[in-house]
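J.: Mind having a look at this structure? Questions to follow.
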Amino acid sequence: MRNIIVDAGPLVATFSPHDAYRAKVEGKLAALMEDGFRLITTWPCIVEASHLLAAPRRFELLQWVELGGLVVYPFDTGHLGEMLVWMRRYTEDGKREMDLADASLYWLAADTGVTDIMTTDYADFERYRLPDGRRFEIV
């Protein structure tokens, strides 16, 4: 089964009826699921999406996660050192920052080799380069 990394933006769009990306994300998710893809993410992305959604939408997101809507990859505190290096590298004078959610997805890609990502944050994920030089493939 092929994996697709999912950022917080598409999760918000999926559960927020008035999100500008909702129709686009729903169409992509339906196609990916039909093709047998598995969605993967990290806890910082779930937390970010949950924070951005109001109740009851946040509860729907969390229940969907509980029911296996996607696989959440955990990391331990030992990985934070690497993430901090990447966050510092991709923080440009306060204009653009790599936040913890993005750093956790960068870690997930580096750890698993999965570079396909569903995101609404095109500008950042287009500029990130993994330690081996590969780029994210935005789906």
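Throughout, read-outs are computed from the coordinates displayed, never taken from laboratory work. Since the structure is predicted, the reported quantities are computational estimates derived from the model, not experimental observations. In this analysis, Cβ positions are derived from the backbone assuming ideal geometry, glycine residues included, and neighbour counts consider all displayed protein chains.
J.: So for region 1-79, considering every pair of alpha-carbon atoms, how many percent are separated by more than 17 Å?
T.: Counting pairs separated by more than 17 Å, the tail of P(r) holds 45 percent.
J.: Can I ask one more? Counting other Cβ atoms within 10 Å, keep those with at most 14, restrict to DSSP loop, and tell me which trypsin sites (Lys or Arg not before Pro) in region 73-135 are left.
T.: Within region 73-135, the qualifying trypsin sites (Lys or Arg not before Pro) (loop, at most 14 other Cβ atoms within 10 Å) are 95, 134.
J.: A further question follows. Nearest 10 degrees, 0 to 90: what angle lies between the long axis of helix 100-112 and the longest principal axis of the chain (Cα atoms)?
T.: 80 degrees
J.: If I model the chain as equal point scatterers sitting on the Cα atoms and use the Debye formula, what is log10 I(q)/I(0) at q = 0.17 Å⁻¹?
T.: -0.94
J.: Cα axis of helix 80-89 to longest principal axis of the chain: angle in degrees, 0 to 90, nearest 10?
T.: The answer is roughly 80 degrees.
J.: Can you give the % of DSSP beta bridges in the chain that are antiparallel, to the nearest 5?
T.: Restricted to the chain, the bridges split so that about 15 percent are antiparallel.
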